[in-house]
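Student: This is the structure I have questions about; it appears just below.
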Number of protein chains: 2
Amino acid sequence: MADLARRIAVARGDEPADLVLKGGRVLSVFTREWLETDLAIADGWIAGLGEYDGAEAIDVRGRYLVPGFIDAHMHLESTKLLPDEFARLVLPFGTTAAVADPHEIANVLGVDGVHWLIDFCSELPLDVFFMAPSCVPASRFESPRRAFGDADLESLLRRRRVLGLAEMMNFPGVIAGDERELSKLALRGGDHADGHAPGVAGKQLNAYAAAGIHSDHEALTLEEGRERLRAGIWLLIREASMARNLQALVPLIAELGPSQIAFCTDDRDPDDILDDGHINGMVRKAVAAGVAPEDALVVATLNPARWHGLRDLGALAPGYRADLLVLPDLASFRPELVLKSGRRVGEFPRPEVPEWVRQSVRIAPLSRDDLAVPDCKRVRAIGLVPDQVVTESLVVDADTEGLAKIAVVERHHATGRVGLGFVHGSGLQRGALASTVAHDAHNIVVLGISDDDMLAAVARVVELSGGIVAVDEGRVAAECPLPVAGLLSVATLQDVISQSRACNDAAQALGWSGATPFLTVAFLALSVIPALKITDQGLVDVEKFELVPLCC
Amino acid sequence: MADLARRIAVARGDEPADLVLKGGRVLSVFTREWLETDLAIADGWIAGLGEYDGAEAIDVRGRYLVPGFIDAHMHLESTKLLPDEFARLVLPFGTTAAVADPHEIANVLGVDGVHWLIDFCSELPLDVFFMAPSCVPASRFESPRRAFGDADLESLLRRRRVLGLAEMMNFPGVIAGDERELSKLALRGGDHADGHAPGVAGKQLNAYAAAGIHSDHEALTLEEGRERLRAGIWLLIREASMARNLQALVPLIAELGPSQIAFCTDDRDPDDILDDGHINGMVRKAVAAGVAPEDALVVATLNPARWHGLRDLGALAPGYRADLLVLPDLASFRPELVLKSGRRVGEFPRPEVPEWVRQSVRIAPLSRDDLAVPDCKRVRAIGLVPDQVVTESLVVDADTEGLAKIAVVERHHATGRVGLGFVHGSGLQRGALASTVAHDAHNIVVLGISDDDMLAAVARVVELSGGIVAVDEGRVAAECPLPVAGLLSVATLQDVISQSRACNDAAQALGWSGATPFLTVAFLALSVIPALKITDQGLVDVEKFELVPLCC
């Protein structure tokens, strides 16, 4: 309260501010005006706009001052970076807050892992908020370390930095009125829930919204976006590395107004962020596509704060956090200066990474027999679709040219369970690719032409306590260690990027024909995206939502 | 959950709705479009827009369907009606929810009285939400039954229907950084606080906002409204019986966008509502003044819900409460049909009114001596300003023509404390007016020419256990009994209106020259509105914020 009293005294003009930004054009997100005025900061908060003096002053004449960007929905784990390194990456791009769904960590390390992650982020200069992972496992066909129950969600929802329920991915369950899904929404704090409703339309969408789920980041088309807004569903426009929807959807900002639209990145590769920016890149592209800068900025700041009920973020006004960007222009959206809680972001230490989060890979001994497929003429094969996470469900001759074998090896409890299948269209000619990143249960997925290489790749992944590996004729061609839960690196951004690129290059050297080999492989295990997927339990026909045999 | 499952089944189209409104034009508050479609209702909630069948159907072709109106800030007690009777009055006008600050009851009956009021409202077909009264007493110069402490506020803030802190009327205290005010804002739930900042501007306004208070309903001018919006303060446009700000402020809806503006009534007389409507009357006037109907409707529905975090109110979309109005046109805003939670509002019973809330008037014996003023030549006098709650602080000769005597008699603990003063400009020629409605502590205020009539008026008010009374030459000329806390009637709307009118007529017969005698008198005791006021403790110079003697 002494702090608050001082902030009020600074606002009154009775005490000097810590820092005054002099003479900039300050965006009022509430009125969409640019106000030419000073901005005074005290103890990390905005004290006031107007003429102020402070211990320090920065001349920002001719510059644009806007609130820090807020990512409305993302998964930290997609970056492969520990959150402190993620913060070092995105803060210079102006992202000062992110709302994370930690469901990858949740699948591997259980609720303890999520609590650890929340604690890990608590002292970072980036504000990381969390949504409680609502679908662990993603479906009954997946084997995480442990399924989440309502008590797990409750333990998370009680925490200050947990805002609600993360994306309700079991949309068929919600729409069908499955009691296990509805019970989550009835939890204290479950009335704020993010959605995930790919392709859901008409009365199915009404049913999803009737359950009380009022956001979705899976809209692809103007039509889908419009329908969501009309149904009272916040449109979280996504620009993920594998799912870029911004160009398609931004015309809705002008057509129907920005008031219920926010930006999110969902799943982003680290090199993608480095090359393209983060939320600031979305603002840049939106403005380049004709969106008014003020609207694009509101969609990137105030709106995600409003959707998530973050009352003191997303605006430059007294009583708001001094999360603030100084922009040289309204085209590049690359900030000259980023203030988080009123401070320049300097160096900051890595919080402790305990040993237990680095010991998550436990498999039963694996032999060639475990990779042996039944002898049959016609087999199911997962048909890759270039640059998409959806697949085709194919039935092909077992001796079809270019089929690769795929296996998912349970790695949480060393059960020895292995699911087997084939993949069509990878381009792979030899060797094997293995990864402990395999959505959402993150068992070990391994794809290969040679069983021996597949075994070698799995063995190396286990030695690393998790990671991604490319093996060529028994030799490790490239690797990216991901020891934290088998998902996150302890290396720097540059090392993670170069290791990831080396792995992708190695995969391409082995014949892989698409752009993102390991990301593609990681999604082949996700049993809730059509059409044919594979888990440690076997092949999953996602449309029928049942396990199906390899042989036809 | 069985209910929710059924609502979802109705939304899917797998079960018939309870009620379908067929073929109307449904306002999407999110996109500001009129959607021509059916609207299906199940168990009090909106299941979906689209083609639906139901147990009952109503043809609403050519009609406009809009969400029920929400009053963003009001005091139930101003209507003198028990809340059930208030509900009977405003529901037909389309108000389906109101956010009430019960600080009048709080001053008289303490926190128990507020809990009783919340309970009383819990089963009404009108949604009454509450804000915890933050300023009991309004100042140290007032004597309520008991001052509220933080524990009282906490007991209220824990309740489901209590949304935050009611208007922080001690704005000088907040701006000065008074620890007692800041401690309220630090309570759990105190981060949502309504403001009250009359005339506050510039750095003072920054200081108020810096404290975390982000609404105000006291703006009078475009300039003040603009300044509030730019400072991140929600502009609650008020149209109260004694303070009509709508015409002055509605141009801001077009100028700066409607997104942070809501309507409120603050203090409304019952006959004013009957004549002029409620929130619907504000929408009507706004549209008549040139505001787009869609914008005016958003300001009356979605926006108050957003400001107060009422996630399932204020919109016609699946997952929202079926609080819905059928309008014949976009000019009168007088609904043909009002549905609250999907049901037509029929008759409903009065909840219990316990005896203890009807026994609030306790005074020490009062004699002519108690009304005797010191003998002096020059006296202070409260100068009335026609139709305003502000007064002038005058110093006049004691024998000035037309001075009336005013007394405030402590009535909670029978202390015998009496404050004495004079009023200039009332027009009163003879008799006396007395009332237990005397903001905010609601001690007995009595104004008169004859001491005997003043004593008779007080005696009658005590006999009634509260109310307003006009006495002419020892005889009760008119009265309106207000036995509940001395603030609310147990009579019907029509009786309250006719009794109130009789009292006003009687006051005018005694010479009163303004429009609203008892409302004016009631505000003479409110020690936080300039310039000179009177409480049981004596005359208060509001600008100096100190007690001042009668004689000069």
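Please treat every number below as a calculation from the coordinates, not as lab data. None of these values were measured; they are calculated from a predicted model. Here the Cβ is made from the backbone with ideal geometry for all residues, glycine too, and neighbour counts use every protein chain on show.
Student: Spelling out what I want: for every residue of region B:248-263, take phi, set θ = phi - 60°, compute 6.51 cos²θ - 1.76 cosθ + 1.60 (Karplus), and round to whole Hz; glycine and proline get x.
Tutor: These are the phi-based 3J(HN,Hα) values: 5, 9, 4, x, 5, 4, 6, 5, 10, x, x, 5, 10, 10, 9, 9 Hz.
Student: Once the dipole of region B:411-552 is set up with Lys and Arg at +1 and Asp and Glu at -1 on Cβ about the Cα centre, which of B:A485, B:W512, B:L539 lies farthest towards its positive end?
Tutor: B:A485
Student: Okay, next question. Taking the mean number of other Cβ atoms within 10 Å as a proxy for protection, how do you rank B:152-158, B:437-443 from highest to lowest?
Tutor: Ranking the peptides B:152-158, B:437-443 by packing returns B:437-443, B:152-158.
Student: Related question: Tell me which cysteines of chain B come out unpaired when the rule is another cysteine's Cβ under 4.7 Å.
Tutor: B:C121, B:C135, B:C264, B:C480, B:C503, B:C552
Student: Assuming R0 = 22 Å, can you tell me the calculated FRET efficiency for the pair A:T492 and A:E123, based on Cβ-Cβ distance, to the nearest 0.05?
Tutor: Here the calculated transfer efficiency is 0.70.
Student: Taking every DSSP beta bridge with both residues inside chain A, roughly what % is antiparallel (nearest 5)?
Tutor: That works out to approximately 70 percent antiparallel.
Student: Round to the nearest 0.05 the FRET efficiency obtained for A:R430 and A:K544 when R0 = 30 Å and r is the Cβ-Cβ distance.
Tutor: With R0 = 30 Å, the Cβ-Cβ based efficiency is 0.35.
Student: From the gyration tensor of the Cα coordinates in region A:1-141, what semi-axes in whole Å does the equivalent ellipsoid have, largest first, with each one equal to sqrt(5λ)?
Tutor: After diagonalising the Cα gyration tensor, the semi-axes are 38, 17, 13 Å.
Student: Considering only DSSP beta bridges with both partners in the protein assembly as shown, what is the antiparallel share in %, to the nearest 5?
Tutor: Among the beta bridges of the protein assembly as shown, antiparallel pairing accounts for roughly 70 percent.
Student: Count, for each residue of B:309-318, the Cβ atoms from other chains sitting within 10 Å of its Cβ, then give me the mean as a whole number.
Tutor: Mean partner-chain Cβ count within 10 Å for B:309-318: 4.
Student: Further question on the same structure: Could you work out how far apart the two model spin labels at B:R344 and A:D150 are, taking each label as a point 7 Å from the Cα in the direction of the beta carbon, and quote it in nm?
Tutor: Placing both labels 7 Å along Cα→Cβ, they lie 3.8 nm apart.
Student: FRET efficiency for A:A502 and A:D329, Cβ-Cβ distance as r, R0 = 30 Å, nearest 0.05?
Tutor: 0.25
Student: Normalised by the number of residues in chain A, what is the relative contact order in percent for Cα pairs under 8 Å and 6+ residues apart?
Tutor: 15 percent
Student: Roughly how many whole Å is it from the C-alpha centroid of region B:333-348 to that of region B:35-90?
Tutor: About 6 Å separates the Cα centre of region B:333-348 from the one of region B:35-90.
Student: Compute the label zone of B:H413 within region B:92-135: residues whose backbone N is under 18 Å from the point 7 Å along Cα-to-Cβ.
Tutor: B:106-113
Student: Rounded, prolate or oblate for region A:1-69? Axes are the square roots of the Cα gyration tensor eigenvalues, ordered a ≥ b ≥ c, and the cut-off for rounded is a/c under 1.5.
Tutor: prolate
Student: Rg and Dmax of region B:121-207, Cα atoms, in Å?
Tutor: Every Cα atom of region B:121-207 included, Rg and Dmax give 13.9, 44 Å.
Student: Now for a separate question. Taking a cut-off of 20 Å between Cα atoms, list the lysines near A:K377, but don't count ones fewer than 8 places away on the same chain.
Tutor: Reachable lysines: A:K405.
Student: If you take the square roots of the eigenvalues of the alpha-carbon gyration tensor of region A:11-51 and sort them as a ≥ b ≥ c, do you get rounded (a/c under 1.5), prolate (a/b over b/c) or oblate?
Tutor: Prolate, because a/c is 1.5 or more and a/b exceeds b/c.
Student: Here's a follow-up. Could you work out, residue by residue across A:224-233, how many beta carbons of other chains sit within 10 Å of that residue's beta carbon, and then give the average as an integer?
Tutor: Going residue by residue through A:224-233 and averaging, the value is 5.
Student: Now a separate question. Count charges around A:R460 for me, please; just the other residues with Cβ under 14 Å from its Cβ, Lys/Arg as +1, Asp/Glu as -1.
Tutor: -4
Student: Percent of Cα-Cα pairs per 10 Å bin, from 0 to the last occupied bin, for chain A, please list those.
Tutor: 4, 18, 27, 25, 16, 6, 2, 0, 0
Student: May I pose another question? Given the -39500 (n - 2.57) contribution per DSSP H run of 4+ residues, what per-residue ellipticity at 222 nm results for chain A, rounded to the nearest 500 deg cm²/dmol?
Tutor: Counting only the DSSP helices, I get -8000 deg cm²/dmol.
Student: What is region B:322-432 by shape, rounded, prolate or oblate, if you read a ≥ b ≥ c off the alpha carbon gyration tensor as root eigenvalues and call it rounded for a/c under 1.5, prolate for a/b larger than b/c, and oblate otherwise?
Tutor: oblate
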